[in-house]
Amino acid sequence: MLLEDIILAYLRVYGQTGTGKSYSMIGYGEDKGIIPLICCELFNRIGRNDDNTVTYQVQVSYIEIYNERVRDLLNPKNKGNLKVREHPTLGPYVEDLSKLIANSFQDIENLMDKGNKARTVAATNMNETSSRSHAVFTLLLTQKRHDAETNMDTEKVSRIRFQVLWI
């Protein structure tokens, strides 16, 4: 089962400008980083599902934190400062953050590319196009199982967060 392998994951990288954080997490050209490799394997496993009582849904969100402001990188209309809230049992979340459905690995690549193009960048002494923000890319994987005997559905949800911090 897919969700028995992934329940909750959180991966964070941090370091000085030019140390390879973006390359490690996102990759460049044909060299895929950790995020695309994990997403590709996720959709490969979903594609191998032969149990017709089980369905999967993948949702994606992508935020930037820059100068203490939170921006939704996947929704250009939402240019304001989003609010970070705390849910008593689920923990921190970003209010009004868009979650887009990805039906394939290609959808993930397109959404990552869209979000990366919207990030804040500026030149530094070490890197001409250095990102000046923190970024959090989140996958929300939902597994639904239908029990024909009871005609009931059960649902498992897994959240995978990838965080890149620039210092």
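The values are calculated or read from the model by the stated rules, or taken from the named source; none is laboratory data. Keep in mind it's a predicted model, so treat the numbers as computed, not measured. Note that each Cβ is placed from the backbone with ideal geometry, even for glycine, and that neighbours are counted across all protein chains shown. The protein model used for the area step is the full one, side chains on, heavy atoms only, and it has no ligands, DNA or RNA in it. Shrake-Rupley method; radii C 1.70, N 1.55, O 1.52, S 1.80 Å.
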The FRET efficiency for Asp50 and Glu30, from their Cβ-Cβ distance with R0 = 45 Å and rounded to 0.05, is 0.90
Here FRET efficiency (C-beta to C-beta, Lys77 to Lys144, R₀ 22 Å, nearest 0.05) is 0.15
Per-residue SASA entry for Asp113, accessible area with 1.4 Å probe, Å² rounded to 10: 70 Å²
Lysines within cross-link reach of Lys79: Cα-Cα under 25 Å, excluding same-chain residues under 8 positions apart? Lys99, Lys114, Lys117
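Taking all protein chains together and a probe of 1.4 Å, list Tyr23, Tyr66, Tyr28 from the most accessible to the least accessible.
Sorted descending by solvent-accessible area, the residues read Tyr28, Tyr23, Tyr66.
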